[in-house]
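Notes follow the structure.
The values are calculated or read from the model by the stated rules, or taken from the named source; none is laboratory data. All values derive from a computational prediction rather than experimental measurement. Cβ atoms come from the backbone with ideal geometry, glycine included; neighbour counts cover every protein chain shown. Heavy atoms of the whole protein, side chains included, go into the accessibility calculation; ligands, DNA and RNA do not. Shrake-Rupley method; radii C 1.70, N 1.55, O 1.52, S 1.80 Å.
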Amino acid sequence: MANVILITHWTSGDVFPFLRFGKLLKQEGHKVTVLTHCIFEERAKKMGLEFVPVDTPEEYAEISGDMLMLSDPIGNKEDYLNFHLKYHGKERLLREVKLIEDICTEDTIIIARFRSSIAGQIVAERKNLPYASMVLAPNYFAHMELHEQLFGKEFCDDINSAREELRLPAISNWKDWLYSPKSILCVWPSWYAAPDETWPEGACYIGFLEDREENGNTSQNVVFNELLEEAHNSGKKMVIVTGGSSHLINRDFYTSSIGACKMSDVYAAVVTPFEEYMPPKVPDRIKWIGNVSLRSIMDKADLIIHHGGMGTLNEALDAGIPQIILPHFADRPDNADRLVKMGVGSKFPPKQWKAEIIAEGINKMLEESVHSICKEYQKKNFDSYAEKLWRDILMQIKPYVLPKQEFPAEKPKAQNGVKRELSRELLLGIIRKNKENN
């Protein structure tokens, strides 16, 4: 059995998959340590996992407040770059390298979140340990070339500053370095996303990660069950509305969703830790539930309206219910497109966030034909859990070795600048066109 170190950052949507993976690995007999933000310590330990915090509560509050800096890497490149250099730059990187090395043993396997948790890759290189990165959504690959063009040089320079202090050779390309591990674990099944030309050579499916722990019987669950009983007694449908657990959401999400539920004459439970997102006046059949475990209530609902996060859509697939997706940031628009193609969801980009439009979507998605498709994918998801692809892949992860690198020949600065800006403009044009189509 191995000593597995799991490393991740950011919101609960980025951390919970690692906790689920840790729980599954522990059930197989491995020792598992999770290294992430301090606020997840209690949850990790309840699952029987070892835990190492990367920050203090004050530091996590700061990063949470700054996450909106990530919302528009195209329109506000400076904010996006500053966020990464502040929270994943040299100082934090070196600090995390030390934390990881302190818990490494000869039988250690390191698995770290793709792109943000790069300290794990550096430690694996320094200690010649098996290493894999873990990718939480397919569109991470699609955006890599854009990120390389926009930020690759700055990211690379900052990493090389840390590598120099650690007496490691410089890397020549940020994207190529992130793609260099032999194992890149994709946390979705093959039927959710097929490989394309953007996928690296080491990419392999491990499927969604099962978690049947409900965390029920809280005061919020009681409120939900009371609302559910009212809905059943009135012969009405029950809808869950959630924009995730972070502030990385357009506030109009809740106003539009709640307005649509009013127009559709359904009951709705609004699940968010932030009560301030609730409009001042709503009908009695629409209630703020708080930060309840979605898994504990999802299969009791008839439909969910959400932001398009991978964890939420997976839980909705498990519950076999239709999904209305109001995507905005990050991987969410791409996730929504995939659910629409599967026939289990309807997508409404921000320009369509009008109560009457979303209400029509609710009525359409509550049709019996959609319900039947949802049940088909529910079975597919449970079947993929049973495969446990991650079990065999784990033991095949190879020690990380920095590949031989080709450093580009030096060119005149003006030529380099022109070429870089042209590439950026071409990529930005493609992204802008996609935004207009949404």
Rounded, prolate or oblate: which fits the stretch 213-352 when a ≥ b ≥ c are the square roots of the eigenvalues of the alpha-carbon gyration tensor, with rounded for a/c under 1.5 and prolate only if a/b beats b/c? rounded
Candidate lysines - alpha carbon under 26 Å from K380, same-chain residues fewer than 8 apart omitted: K23, K26, K237, K300, K341, K347, K364, K388
What does the C-alpha gyration tensor say about the overall shape of the stretch 18-72? Classify as rounded when a/c is under 1.5, otherwise prolate if a/b is larger than b/c, or oblate. prolate
Do the sum for the chain: with -39,500 (n - 2.57) for every DSSP H run of n ≥ 4, divided by all residues, what is the mean residue ellipticity at 222 nm, to the nearest 500 deg cm²/dmol? -15000 deg cm²/dmol
Using the heavy atoms of the protein chains and a 1.4 angstrom probe, tell me the accessible area per residue for the chain in square angstrom. 45
Spelling out what I want: for every residue of the stretch 13-30, take phi, set θ = phi - 60°, compute 6.51 cos²θ - 1.76 cosθ + 1.60 (Karplus), and round to whole Hz; glycine and proline get x. x, 8, 9, 4, x, 5, 5, 4, 4, x, 5, 5, 5, 5, 4, 7, x, 7
If packing is taken as the average count of other Cβ atoms within 10 Å, what order do 261-270, 342-351, 303-312, 30-39 fall into, highest mean first? 303-312, 261-270, 30-39, 342-351
Please report, in whole Å³, the volume per residue of the convex hull around the C-alpha atoms of the stretch 308-369. 74
Computed from these coordinates, which is Kirkwood radius over Cα pairs in Å: (i) 27.0; (ii) 22.1; (iii) 22.9? (iii)
According to a simple spin-label model (label point 7 Å from Cα along Cα-to-Cβ), what is the distance in nm between S71 and I373? 3.1
Going by Cα centres, the stretch 1-62 and the stretch 135-212 are how many Å apart? 20
Approximate spin-label separation T218-D102, in nm, with each point projected 7 Å along Cα-to-Cβ: 3.0
Quick one: if the Förster radius is 45 Å, what FRET efficiency do L168 and W191 give, using the C-beta to C-beta distance and rounding to 0.05? 0.70
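Of the accessible area of the stretch 177-327, with the probe set at 1.4 angstrom, what percent is carbon plus sulfur?
Reported share for carbon and sulfur atoms: 45 percent.
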Cα-based reach from K77 at 20 Å (exclusive), listing lysines while leaving out same-chain residues under 8 positions away: K86, K90, K153, K175, K419, K433, K435
